[in-house]
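The values are calculated or read from the model by the stated rules, or taken from the named source; none is laboratory data. This one's a predicted model, so the numbers in the text were calculated from it and none came from an experiment. All Cβ positions, glycine included, derive from the backbone under ideal geometry; neighbour counts span all protein chains shown. Quick note on the areas: whole protein, heavy atoms, side chains included, nothing else; ligands and nucleic acids left out. Shrake-Rupley method; radii C 1.70, N 1.55, O 1.52, S 1.80 Å.
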Amino acid sequence: NVNKELSRADVVELLQNDVAQVTFTKVDGSERVMDCTLLKEVLDERAPQSAPPTEAKPPKAVNPDVVPVFDLVANGWRSFRLDAVKSIGFPNSIFTDEGIQYPIGFDEQPLEA
């Protein structure tokens, strides 16, 4: 129950180091709870590799108000607006010599698109 203003860099750093549960208000006004991460080990294992940008198609500019993350339940890339975040929690991911053991529910089948 700590209330702290986090910058985009703070949020990205947290997500690069752990699995987080982010609660935010979607653009349509509904609330969403997303289990997500930017943890390198998870991305290497589960995220599709992006093709490098080509000269014909320059890379997109980074929106400083939006954080792209890997959604562990949907098994894909999603994003949230920083100004819409209600809370960020850490649901006890466990790091072992064998790798990461995700909290209950993260190893479920991905949602159908």
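Anything in the stretch 58-89 that is touching a strand residue (DSSP E or B) at 6+ places or on another chain (Cβ under 6 Å) and farther than 18 Å from R8 by Cβ? List them, or say none.
Passing the criteria: D71, L72, V73, G89.
Mind counting the residues in the stretch 62-72 that are open to solvent by 40 Å² or more (accessible area, probe 1.4 Å) and in contact with a Leu (Cβ under 9 Å, 6 or more places away or on another chain)?
3
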